[in-house]
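Undergrad: I'd like to ask some things about the structure below.
The values are calculated or read from the model by the stated rules, or taken from the named source; none is laboratory data. Since we're looking at a predicted model, the values are computed, not measured. Cβ placement follows ideal geometry from the backbone for every residue including glycine, while neighbour counts extend to all protein chains displayed.
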Amino acid sequence: MGRRGFNLVEMLLATAITATLLVAVMVSLDVSYKAYRATTESTSTSMAGRVIMERLQGLIRNGIDFAPLPGSFSGATLESSYLDIQRPDGTWVTIAWDAATSSITWSEDGGTYTVLEGVTQLPEGAMGVVSPFVLEYHLGRHLHRATIDLSVVADVGQHLDIEGDSQFIHRLVGSAMPRNAAWSN
């Protein structure tokens, strides 16, 4: 008479193989999801940061006057957490890093607006906080070049506990020279 089914050892072996395959699939799905999330957050943060950097560089290029000013009339480099820019129409804009809210703010006409969140200013490998603005002055009060250095993390408000603890810090660095300084050299 022939066999009619599986014996207990065969059933246990089939169950163990199935369980191993399911665990492997779940681990690969988890890794894939985390990689997708990290890539999406990274791209979103990078794009938003680049748009802000382009706008700030445009303001600097078209700026007429700038603050803060150095303490001496000789050529000076000044690190600052804010930058005041006088636009061609005579109005002033203040771009500032607010450490309390980890954001870059835009102030004009008595109103202050958040333009970029997650600005930590603690780039990987740095011993301390890095100033977001480095201003190089020439002949006293004439801004020669402004360097913007932002360290930005992705939006932690969209983070799920299941995703892990990894945070990638984007370091966005740009430099611009006011047109009046570029044309006078």
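Undergrad: How about segment 75-90: which of its residues are surrounded by 13 or more Cβ atoms within 10 Å (Cβ to Cβ) and either assigned to a loop (DSSP other than H, G, I, E, B) or of a type in the set (Lys, Arg) (or both)?
TA: Within segment 75-90, GLY75, SER81, ARG87 meet the criteria.
Undergrad: Out of everything in segment 35-74 that is modelled with pLDDT of 85 or more and of a type in the set (Lys, Arg), what residue ends up being surrounded by the most Cβ atoms within 10 Å (Cβ to Cβ)?
TA: Across segment 35-74, the extreme among qualifying residues is ARG61.
Undergrad: Count, please, the residues in segment 131-145 that happen to be within 13 Å of GLU79 (Cβ to Cβ) and over 20 Å from the mean Cα position of the chain (by Cα).
TA: Final tally of qualifying residues: 3.
Undergrad: Take segment 93-105 and flag every residue that is surrounded by 16 or more Cβ atoms within 10 Å (Cβ to Cβ) and either assigned to a loop (DSSP other than H, G, I, E, B) or among the hydrophobic types (A, V, I, L, M, F, W, C) (or both).
TA: If the condition is that a residue be surrounded by 16 or more Cβ atoms within 10 Å (Cβ to Cβ) and either assigned to a loop (DSSP other than H, G, I, E, B) or among the hydrophobic types (A, V, I, L, M, F, W, C) (or both), then VAL93, ILE95, ALA96, TRP97, SER102, ILE104 are the ones that fit.
Undergrad: Could you tell me whether GLU108 is more than 29 Å from ALA35 (Cα to Cα), at pLDDT 90 or above, acidic (Asp, Glu) and loosely packed, with under 15 Cβ neighbours inside 10 Å?
TA: Criteria met by GLU108.
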